[in-house]
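A.B. asks: The structure that follows is given in the form of structure tokens.
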């Protein structure tokens, strides 16, 4: 499989505080990203809301529970539920994180970074291939923010990501804020990181806010995107062109208008970087691509 993505424009996360307004008012948003695990149950209000949203907007499924880097066996029941949800709503694509969050049968809600070695590369490649075969879809993998590094790491993270994409045909979800956070915490060059990611493998971009804890940056998703992250986003767009971009805001969630404003800023930044006229306030797409 080779990853190919449609350009969806600029989207936001579908979060419970905004369910009613999105369903009833159909705001001018290009597309929505969901946290897959919040919608796996076949009944209930979240699934009902998702079906209504999907009637009008493209939707992307973004997971936090695949644990693609763990040495535990992949959770086949989880993959079956994920496949069922994808078959029902037909997302533009399915994504998760290059990380591990389970060990010895125990699962947590953290996204732990991996050691980047030849052994772990082969391990991840095999698991990505299994997931794509199980879902009958090419998936995207996202780089995570990290606060520690492994002594055994022998491969730069950006090289590891590029190699996983090359060997499996998966796409990459480039989280620009995560690059900036990790680069600051580990003292590497964020520009060199994004420049090393193959442009044709990037299927989506995440932008978010983080907090400065003094000794390190913390990926909190609770505030606007900061200027250095906007500059890094411009750098990616200059090299890779227009890529579907999402504003992540998962804590201290603002009113929908503020979220839309941040998404429109991303649209303007992309347009001006590429020397184009900014898009109008209306959504580019109101039905599934």
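A.B. asks: Looking at the structure I just gave you, is residue 205 within 30 Å of residue 257 (Cβ to Cβ), surrounded by 19 or more Cβ atoms within 10 Å (Cβ to Cβ) and modelled with pLDDT of 95 or more? Working first, answer last.
C.D. replies: Numbers: within 30 Å of residue 257 (Cβ to Cβ): yes; surrounded by 19 or more Cβ atoms within 10 Å (Cβ to Cβ): yes; modelled with pLDDT of 95 or more: yes.
When the stated conditions are applied, residue 205 passes them.
A.B. asks: Among the numbered criteria (1) out of contact with any helix residue (DSSP H, G or I) (no Cβ under 8 Å at 6 or more places or on another chain); (2) closer than 24 Å to residue 91 by Cα; (3) surrounded by 18 or more Cβ atoms within 10 Å (Cβ to Cβ), which one does residue 144 miss?
C.D. replies: (1)
A.B. asks: I'm told residue 28 meets every condition in (1) within 28 Å of residue 145 (Cβ to Cβ); (2) in contact with a helix residue (DSSP H, G or I) (Cβ under 8 Å, 6 or more places away or on another chain) except one. Can you identify the failing condition by its number?
C.D. replies: Here residue 28 clears every test but (1).
A.B. asks: Let me ask something else. I need the full set of residues from region 28-46 which are in contact with a strand residue (DSSP E or B) (Cβ under 9 Å, 6 or more places away or on another chain) and within 21 Å of residue 257 (Cα to Cα), in order please. Talk me through it step by step, then tell me what you get.
C.D. replies: Taking region 28-46 first, the residues in contact with a strand residue (DSSP E or B) (Cβ under 9 Å, 6 or more places away or on another chain) are 29-36, 39, 46.
Correct list: 29, 30, 31, 32, 33, 34, 35.
A.B. asks: Name every residue in region 243-277 that is touching a residue at least 12 places away in the same chain (Cβ under 8 Å), in a loop (DSSP other than H, G, I, E, B) and either in contact with a helix residue (DSSP H, G or I) (Cβ under 8 Å, 6 or more places away or on another chain) or surrounded by fewer than 16 Cβ atoms within 10 Å (Cβ to Cβ) (or both), in order of residue number.
C.D. replies: 243, 249, 250, 251, 252, 253, 274
A.B. asks: Please state which of the following conditions residue 251 fails to meet, knowing it meets all the rest: (1) closer than 27 Å to residue 219 by Cβ; (2) at pLDDT 95 or above.
C.D. replies: (2)
A.B. asks: Looking at region 215-242, which of its residues are in a loop (DSSP other than H, G, I, E, B), touching a helix residue (DSSP H, G or I) at 6+ places or on another chain (Cβ under 7 Å) and surrounded by fewer than 22 Cβ atoms within 10 Å (Cβ to Cβ)?
C.D. replies: Matches in region 215-242: 216, 224, 242.
A.B. asks: Right, here's the next one. Of the conditions (1) touching a helix residue (DSSP H, G or I) at 6+ places or on another chain (Cβ under 7 Å); (2) farther than 29 Å from residue 11 by Cβ, residue 124 satisfies every one except a single condition; which number is it?
C.D. replies: All conditions pass for residue 124, except number (2).
A.B. asks: Let me ask something else about it. Can you name the number of the only condition in (1) closer than 30 Å to residue 116 by Cβ; (2) surrounded by fewer than 16 Cβ atoms within 10 Å (Cβ to Cβ); (3) in contact (Cβ under 8 Å) with a residue 24 or more places away in the chain that residue 92 fails?
C.D. replies: (2)
A.B. asks: If I go through region 254-287 residue by residue, how many of them are in contact with a strand residue (DSSP E or B) (Cβ under 9 Å, 6 or more places away or on another chain), over 23 Å from residue 200 (Cα atoms) and at pLDDT below 95?
C.D. replies: 1
A.B. asks: Of everything in region 163-195, what is assigned to a helix (DSSP H, G or I), closer than 16 Å to residue 114 by Cβ and either without any contact (Cβ under 8 Å) to a residue 12 or more places away in the chain or touching a strand residue (DSSP E or B) at 6+ places or on another chain (Cβ under 8 Å) (or both)? Give them in sequence order.
C.D. replies: 164, 165, 178, 185
A.B. asks: A further question on this structure: Run down 201, 145 and say which single residue is touching a residue at least 40 places away in the same chain (Cβ under 8 Å) and under 12 Å from residue 219 (Cβ atoms). Spell out how you get there, then give the answer.
C.D. replies: Numbers: 201 fails: under 12 Å from residue 219 (Cβ atoms).
That would be 145, the only listed residue that is touching a residue at least 40 places away in the same chain (Cβ under 8 Å) and under 12 Å from residue 219 (Cβ atoms).
The values are calculated or read from the model by the stated rules, or taken from the named source; none is laboratory data. If you're wondering where the values come from, they're calculated on a predicted model, not measured in any experiment. Because the Cβ atoms are built from the backbone with ideal geometry, glycine has one as well, and the counts that use them run over all protein chains shown.
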